[in-house]
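Here the structure comes first, spelled out in structure tokens, and everything after it is commentary.
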């Protein structure tokens with residue numbers, strides 16, 4: 001007996017020890033908190049603001065209900081529009097996309113303009129000059145005229161120096177330009193015909209033809225990378241960035257069109273839900289009126305159902321207003337012209353939900369986003385721009401060392417002028433007066449022949465060296481390139497982070513929308529069953545008007561939640577495609593035709 005008592009005592013002690021808490025548990029109160037609540041000694045008085053008298057005597061005006069219609073459209077027949085047609089119209093006519101496509105084309109023209117620095121420049125310069133100069137001495141004068149000094153038999157006739165008359169016609173032509181590696185070149189020909197009546201000229205007229213070739217080759221600074229080449233490379237990078245921006249705008253616009261389209265689908269279905277609820281409320285009111293007239297129901301039941309009818313009528317007008325707003329929003333996305341006939345159309349979406357895509361895992365979505373998203377391409381273009389500026393800065397920090405080579409070939413020819421008489425007398429002791437070389441006697445054709453033959457060449461080569469002492473230009477360029485590289489890295493990291501966050505949100509929204517749609521469908525089916533049961537009970541006298549009306553409201557709300565869940569699911573699919581970057585390829589985006597029908601009449 002004593003042993004059994006000891007065993008019982010030990011068991012009780014073990015049980016007590018096992019249930020006593022040795023650490024704080026979640027339901028255990030804090031020792032600093034009061035052990036019990038204290039009843040207030042006085043009821044607190046509400047602190048209310050002093051209200052002014054606003055519009056005293058105001059009452060809502062008595063107005064008649066307007067027609068249930070959408071403003072600015074032909075009510076019937078309805079015009080069906082598919083999702084693909086809406087997207088196609090937006091790609092061709094959306095005003096924002098038309099501007100993006102224009103910027104895309106402008107960037108392409110910038111490339112053409114930058115290439116102009118390397119165009120071959122054709123140079124043509126005809127000229128003509130005529131001058132008459134007074135003679136300064138006998139050796140620099142033209143043929144004289146017979147002059148008369150005095151009169152009568154003692155008059156003296158003499159021939160003095162005449163005016164110097166010169167007529168010169170020149171025509172210069174050639175080509176020049178610059179290569180991408182910095183080489184500059186010039187090649188030109190100048191032909192000249194000169195008439196000069198100076199008596200000591202051996203030729204009159206005489207002809208000149210000269211060939212001028214020059215090449216300047218940088219060896220350090222401006223070799224490989226120079227200002228013109230930098231502008232061309234930057235234009236190429238900018239064009240690619242502009243292309244990426246056009247794709248970004250297109251992706252966002254397509255997403256807006258799809259979201260608006262599915263919202264319009266939901267809006268039209270919501271009108272049907274609200275109209276169905278209104279019809280059921282009207283039937284309930286009619287039933288209550290008949291019961292009240294027979295004395296089987298209180299008159300207040302009919303009034304109560306009438307209130308519900310007015311509430312559902314208000315919901316119908318609100319749903320119709322939402323349809324109107326979404327129609328205008330969709331139209332503004334797919335057309336540019338304010339006079340387009342689509343503005344008068346009563347649009348009704350005709351595309352069904354279709355097959356839902358199989359969403360991949362988070363890593364796959366992020367990888368596709370990095371591969372397909374134009375934002376990544378735009379960030380890479382920022383890095384390429386920084387690399388170009390860094391290469392240009394490095395080149396500009398080098399000293400100048402340019403090799404210049406020129407070659408000049410002169411061709412001369414002319415028609416021999418008569419030898420003055422006094423020169424003939426001087427040459428009398430000689431066998432004959434010396435005459436110019438035979439190859440120089442002729443017209444312009446002989447001058448060109450002598451030029452190409454290289455009878456009178458001139459060649460020059462030089463090395464031009466220079467270096468700025470301070471080097472501020474190169475130092476500033478290096479600083480800008482360093483900051484641009486930092487910006488590019490930050491931008492690329494930000495794009496990567498944004499893609500990851502958007503992928504998480506999009507996948508979460510998609511999976512949540514699937515679950516919410518399933519739950520909303522079950523809720524709607526249950527609400528339909530409950531409402532039908534409540535109506536049967538009401539007709540059997542086992543329910544009240546309040547409960548029937550309450551079930552009507554619950555059914556309308558359940559249908560609305562299911563509709564919203566379906567719309568959210570459709571839009572989550574659109575967001576997934578946008579995040580993955582497949583929204584462009586799925587819709588066949590072509591930048592060459594983007595916005596081509598904007599403002600088309």
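Data table
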| item | result |
| --- | --- |
| Whole-Å distance, taken between Cα centres, linking segment 183-254 and segment 358-385 | 41 Å |
| Degrees, to the nearest 10: 472-539 long Cα axis against longest axis of the chain | 30 degrees |
| Ranked by how many other beta carbons lie within 10 Å on average, peptides 583-594, 81-92 from highest | 81-92, 583-594 |
| Separation of alpha-carbon centers, segment 269-328 and segment 522-601, rounded to whole Å | 21 Å |
| Residues 106, 265, sorted so that the one with the fewest Cβ neighbours within 10 Å comes first | 106, 265 |
| Sorted by Cβ density within 10 Å, fewest first, the residues 268, 262 | 268, 262 |
| Estimated inter-spin distance, residue 361 and residue 186, nm [label 7 Å along Cα→Cβ] | 6.9 nm |
| Added length on full extension, which subtracts the Cα-Cα distance from 0.36 nm per residue, residue 547 to residue 70 | 168.3 nm |
| Degrees between helix 374-396 axis and first principal axis of the chain (Cα, 0 to 90, nearest 10) | 30 degrees |
| Semi-axis lengths, Å, the chain, gyration tensor of Cα atoms, sqrt of 5 times eigenvalues | 100, 39, 24 |
| Overall dimensions of segment 362-424 by Cα: Rg and Dmax, Å | 33.7, 108 |
| Distance between modelled label sites at residue 132 and residue 504, nm, 7 Å Cα→Cβ extension | 9.6 nm |
| Inter-label distance for residue 296 and residue 391, nm, one decimal - labels placed 7 Å from Cα along Cα-to-Cβ | 9.2 nm |
| Protection proxy ranking, peptides 515-528, 383-396, average beta carbon neighbours within 10 Å, highest first | 383-396, 515-528 |
| Reduced Cα scattering model of segment 468-519, Debye log10 I(q)/I(0), q = 0.22, 0.26, 0.28 Å⁻¹ | -0.81, -0.91, -0.95 |
| Linear extension gain, residue 168 paired with residue 118, 0.36 nm per residue minus alpha-carbon span | 14.6 nm |
| Förster radius 22 Å - calculated FRET efficiency between residue 540 and residue 303, Cβ distance, rounded to 0.05 | 0.45 |
| D (Stokes-Einstein, µm²/s), Kirkwood Cα radius, segment 478-601, 0.890 mPa s at 25 °C | 127 µm²/s |
| Net lengthening on full extension, residue 85/residue 557 (0.36 nm per residue, minus Cα-Cα) | 166.7 nm |
| Ranked list, fewest to most other Cβ atoms within 10 Å of each Cβ, for 352, 240 | 352, 240 |
| For segment 209-315, alpha-carbon Rg and Dmax in angstrom | 38.0, 126 |
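Each reported figure results from applying straightforward, stated rules to the coordinates on display, with no laboratory input. Here the structure is a predicted model, which is why all the values come from computation and not from measurement. Note: ideal-geometry Cβ built from the backbone for every residue, glycine included; neighbour counts use all protein chains shown.
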